[in-house]
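Okay, structure first, notes after.
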Amino acid sequence: MPSTVKIEHTVAATPERTFAVFSDLENAADRVAGIKQLEVLTGGPVGKGTRFKETRVMFGKEATETMEITDFQPGSSYTTEAASCGCRYKSTLDFLPAGKGTRVVFTMTSTPVAFFAKVMMPLMGVMMKGAMKKCMLADFQDLGSVAESETAN
């Protein structure tokens with residue numbers, strides 16, 4: 001049974017500017033305190049088909065995940081997908097106008113595919129949701145601050 005996490009965060013910058021900052025993979029590790037390293041694996045501009053490796057410290061251990069952008073709508077949304085620990089992960093970020101700013105809506109669905117992941121999902125899902133929300137909110141605050149400061153310049 002899939003597990004879903006949803007987070008919303010408001011940024012005082014236009015959707016286009018906010019999208020540009022959030023989808024700038026080349027500068028993500030410098031802008032987001034939670035990302036230890038990010039390596040883009042494909043050439044060309046970021047878009048559908050872009051693959052990258054992201055390294056973070058999670059639960060006291062370094063973890064690297066390979067992700068792919070599977071949908072990319074410039075200025076409005078993008079989706080990444082990954083497979084890890086017996087689960088498939090699909091994360092979508094939507095950038096919606098909110099007055100003079102942007103409401104960023106993050107939705108991540110975790111679907112267990114391996115037997116052990118299916119058995120552990122009810123227990124681990126509860127524990128992971130809180131940690132994931134905290135982690136993503138911190139990321140969004142970091143990136144939102146960049147979008148807002150660059151908008152002010």
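Each reported figure results from applying straightforward, stated rules to the coordinates on display, with no laboratory input. Quick caveat, the model's predicted, so the values are computed rather than measured. Cβ coordinates were reconstructed from backbone atoms using ideal geometry, including for glycine residues, and neighbour counts include every protein chain displayed.
Things to note:
- Two-site FRET efficiency, Thr66 against Val105, from Cβ-Cβ distance with R₀ of 30 Å, rounded to 0.05: 0.80
- Sites Thr10 and Asp142 - FRET efficiency at Förster radius 22 Å, r taken between beta-carbons, to 0.05: 0.90
- Extending 7 Å from the Cα toward the beta-carbon at both Ser84 and Gln37 defines two label points whose distance is 1.4 nm.
- Relative to the globular-protein estimate of 2.2 N^0.38 Å, the Cα radius of gyration of the chain stands at 1.04.
- For the stretch 3-152, the residue among Pro97, Met67, Ser23 whose Cα projects farthest onto the positive side of the dipole built from Cβ charges is Met67.
- With Cα atoms, 0 to 90° folded angle of helix 115-152 axis to the chain main axis: 10
- Chymotrypsin sites (Phe, Trp or Tyr not before Pro) within the stretch 1-110, DSSP loop, no more than 13 other Cβ atoms inside 10 Å: Phe59
- The trypsin sites (Lys or Arg not before Pro) found in the stretch 3-82 that occupy coil by DSSP, while having at most 14 further C-beta atoms within 10 Å, are Lys48.
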